[in-house]
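Participant: Encoded as structure tokens, here's the structure I'll be asking about.
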Amino acid sequence: MRRTAVVAVSLSALAAAIVTATLGVLPGLAAALVATVASAFLLREPQHPLARVAEVLRAFAQGDVRRRLYLGSEGEERLVNEALDELEAEMRLLTGDRTRLLVLLDELDEAILLVGEDHRVSLHNRAAARLFGRQELRGVHIFSALPEREVLRLLDEAEPGPARRRRFRLEGRSYEAAAQPLPGRGEVLLVVRDRTEEERLQRMRSDFVANASHELRTPLALLSGYAEALLDPEVSREEVRRFAEVIGREAARLARLIDDLLTLSQAEAQGSIPVEALLVAPCLARVLARILPKAAGRRIRLRLEGKLSARCLASAAALESVLLNLLDNAVRHSPEGGKVWVRVVARDGRVALQVVDEGEGIAPGELARIFERFYRVDKSHRRGGAGLGLAIARHLAEAMGGRITVQSELGKGSTFTLELACDEGEDEGGGGLSPSREE
């Protein structure tokens, strides 16, 4: 009698139940529904209507969403198939949403992982694969991919509410991890972000503010002090003249600092600078005319070598600014009576302008920082300058599509190389300069 009651269940009611239970579900839930139907209506007759419904639902769970039911009863069949049409449409919509979500996750810079209760990864994006150096992380224990105890504790302590966060260092880099449990799934969403570059930039910003404040405060303090001294009626004419010279010198220093800051700001904001084909020699001649008085004051000889007839793709103003900064740096760091070389090398479609000095050299640990704003190798500030020249030179070089590199050895000097694209045209005249010329 009980079996007869089961068989007599209306297919219309079953169709309604299918619509209600399956709208908005994923294939995994459809599989659960199949299991429920199969267990509730365990029938041995393969042609029984309910067995056919179970067969169609099982096909849905396996991805065959185009399967339909054929019962021979038009009314009941139509109701069930309409429910299946709605289920197919919803599943396709959910599948599309899932695909778009996975694409979106893959475009994120943060590593995103789903981690189960056994600490194994069930899903991850491309950033996670890059971060951990593995193509596939599914099934991998999180500690194997990320050997950090803090992460395991973070996963175990994750609870509903605001995501828990931990910072840690691994192999010299700084990371931040956040964990958030997914309701009802027993999995934890783990987001790992590499903060190394962010922290470096933050340190640079802090250093910039501190250094800029110091550089501005020093001349302003001198200006204020000497201006106050001038108000003393007992100051002699000779002292007035000396105080005025100091005020003029510090005002000029302040003006140079502000000009450098503006130049650096413009170079960083420009991104790229329009370039044109230029002869190297005329640019060098103009720069040498400006640096020669300073070099002569320290009895430093400037020597030109190489292919002075070379042409490069650059902005004349930016190129001269870069060369002036490099030569000024070389003259300041060279011993009195020394030499500074300017070499021009053209090969492989590039023009290399090298500035070589005989200074004290740069320690290997400082080479990576010398292009930072306000960074000085000479911490005593005895050589003058605000530490902005090389930062300006690097930004202008990159804006022209070039680059600056440095090689140095303590006690032997440094070589700064500016590389730019080469123009194929050539002028055999040296723009007033000749190879191996000494200024």
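The values are calculated or read from the model by the stated rules, or taken from the named source; none is laboratory data. Here the structure is a predicted model, which is why all the values come from computation and not from measurement. Cβ sites come from the backbone with ideal geometry, for glycine too, and all protein chains shown count toward neighbours. We work out accessible area using only protein heavy atoms, side chains counted, and drop any ligands, DNA or RNA first. Shrake-Rupley method; radii C 1.70, N 1.55, O 1.52, S 1.80 Å.
Participant: How much accessible area does Arg153 have with a 1.4 Å probe, in Å² rounded to the nearest 10?
Facilitator: Rounded to the nearest 10, the figure is 110 Å².
Participant: Which of Ala252, Val280, Ser265 sits closest to the plus end of the dipole of region 172-320, meaning its Cα is farthest towards the positive end, when Lys and Arg get +1 and Asp and Glu get -1 on the C-beta?
Facilitator: Positive-end residue among those listed: Val280.
Participant: How much of Leu220 can a 1.4 Å solvent probe reach, expressed as accessible area in Å² and rounded to 10?
Facilitator: 90
Participant: Let me ask something additional. Gap in Å between the Cα centre of region 289-330 and the Cα centre of region 148-174?
Facilitator: 53
Participant: If you don't mind, there's one more thing I want to ask. Could you work out the Kirkwood radius for region 98-221, taking every pair of different alpha carbons, averaging 1/r and inverting it, reported in Å?
Facilitator: Roughly 16.3 Å, rounded to one decimal.
Participant: May I ask you to rank Met204, Met400 by accessible area, largest first, using a 1.4 Å probe over the protein chains only?
Facilitator: Ranking Met204, Met400 by accessible area, largest first, yields Met204, Met400.
Participant: With the full set of protein chains in place, find how many percent of the accessible area of region 156-220 is carbon and sulfur; take the probe as 1.4 Å.
Facilitator: Carbon plus sulfur share of accessible area: 52 percent.
Participant: Give me the percent of accessible area attributable to carbon and sulfur for region 256-410, probe 1.4 angstrom.
Facilitator: Here it works out to 49 percent.
Participant: Dividing the alpha-carbon Rg of region 284-400 by 2.2 N^0.38 Å yields what?
Facilitator: Normalised Cα radius of gyration, region 284-400: 1.06.
Participant: Next question. Using protein chains only and a probe of 1.4 angstrom, how many square angstrom of Lys412 are accessible, to the nearest 10?
Facilitator: So the heavy atoms of Lys412 present about 140 Å² to solvent.
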